[in-house]
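Participant: Can you keep this structure in mind? I'll have questions shortly.
The values are calculated or read from the model by the stated rules, or taken from the named source; none is laboratory data. The structure presented is a predicted model; accordingly, all values stated were derived computationally and were not measured. Here the Cβ positions follow ideal geometry from the backbone for every residue, glycine too, while neighbour counts run over all protein chains shown.
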């Protein structure tokens, strides 16, 4: 009976020793799984965030939006947060129209807009006092066509020369709208392709680093045993 008791006790010690030996392996697998999970989360984050590219937006204008212009002006300028693309092969690569006053559809831009870096400028000769609507459409730096409008009030001194304006825009040519949109589609395709390549490279790099980390972890645990 005593011998049986010692054998029984020895068996319990063996089980506990086995559990102690297996514990580091389980911890290694847990740590490896955590590394892989973090890598997967990083890949998902890169895939969901990288393609998103902010469009250009208006940061300044002359006259300023909502302001009252009390002196005559000969141009309207729009300034954006990023470079405006001029992709038109014929005609202007942007659209800038000034109409008014007070809701009228008379055009007071006297020529086509010019694009220079972040600025789009059009020559104007305003009519009588009132609110004027500035409507614009440009090709954003990310290749998208964006558009919007602002309003300013014109209150010139008495005796200021008043322009008659015109029923249609003096800036002719398909480049102001259709060509810009077509070019924007081409540019966007290029931008998207580049973004996809970057995302794939980042994803592969993250996975490789995760696998290396797992391998190092497993080897370190084995040496510790």
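Participant: What residue, of 59, 83, 115, is under 23 Å from residue 146 (Cβ atoms) and either buried (at least 20 other Cβ atoms within 10 Å of the Cβ) or touching a helix residue (DSSP H, G or I) at 6+ places or on another chain (Cβ under 8 Å) (or both)?
Facilitator: 115
Participant: Right, next: Which of the residues belonging to region 120-136 are in a loop (DSSP other than H, G, I, E, B), surrounded by fewer than 23 Cβ atoms within 10 Å (Cβ to Cβ) and either on the phi > 0 side of the Ramachandran plot or touching a residue at least 40 places away in the same chain (Cβ under 8 Å) (or both)?
Facilitator: The one that is in a loop (DSSP other than H, G, I, E, B), surrounded by fewer than 23 Cβ atoms within 10 Å (Cβ to Cβ) and either on the phi > 0 side of the Ramachandran plot or touching a residue at least 40 places away in the same chain (Cβ under 8 Å) (or both): 125.
Participant: With respect to residue 91, determine if the residue is more than 18 Å from residue 171 (Cα to Cα) and surrounded by fewer than 23 Cβ atoms within 10 Å (Cβ to Cβ).
Facilitator: no
Participant: Inside region 137-170, can you point out the residues that are within 27 Å of the chain's Cα centre (by Cα) and in contact (Cβ under 8 Å) with a residue 60 or more places away in the chain?
Facilitator: Residues satisfying the conditions are 138, 140, 141, 142, 144, 146, 148, 150, 151.
Participant: Which residues, taken from region 140-174, are in a loop (DSSP other than H, G, I, E, B) and under 18 Å from residue 80 (Cβ atoms)?
Facilitator: 140, 141, 142, 143, 144
Here is a yes/no grid of residues against (1) modelled with pLDDT of 80 or more; (2) out of contact with any strand residue (DSSP E or B) (no Cβ under 9 Å at 6 or more places or on another chain):
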{"residue": "128", "(1), (2)": "yes, no"}
{"residue": "143", "(1), (2)": "yes, no"}
{"residue": "147", "(1), (2)": "yes, no"}
{"residue": "157", "(1), (2)": "yes, yes"}
{"residue": "164", "(1), (2)": "yes, no"}
{"residue": "186", "(1), (2)": "no, yes"}
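Participant: Can you confirm whether residue 103 is surrounded by fewer than 20 Cβ atoms within 10 Å (Cβ to Cβ), farther than 17 Å from residue 170 by Cα and either free of Cβ contacts under 8 Å to residues at least 24 places away in the same chain or more than 30 Å from the chain's Cα centre (by Cα) (or both)?
Facilitator: Judged against the criteria, residue 103 is a match.
Participant: For region 59-110, which residues satisfy the criterion of being within 18 Å of residue 155 (Cα to Cα) and not in a loop (DSSP other than H, G, I, E, B)?
Facilitator: Answer for region 59-110, where residues must be within 18 Å of residue 155 (Cα to Cα) and not in a loop (DSSP other than H, G, I, E, B): 61, 62, 68, 69, 75, 76, 98, 99, 100, 106, 107, 109.
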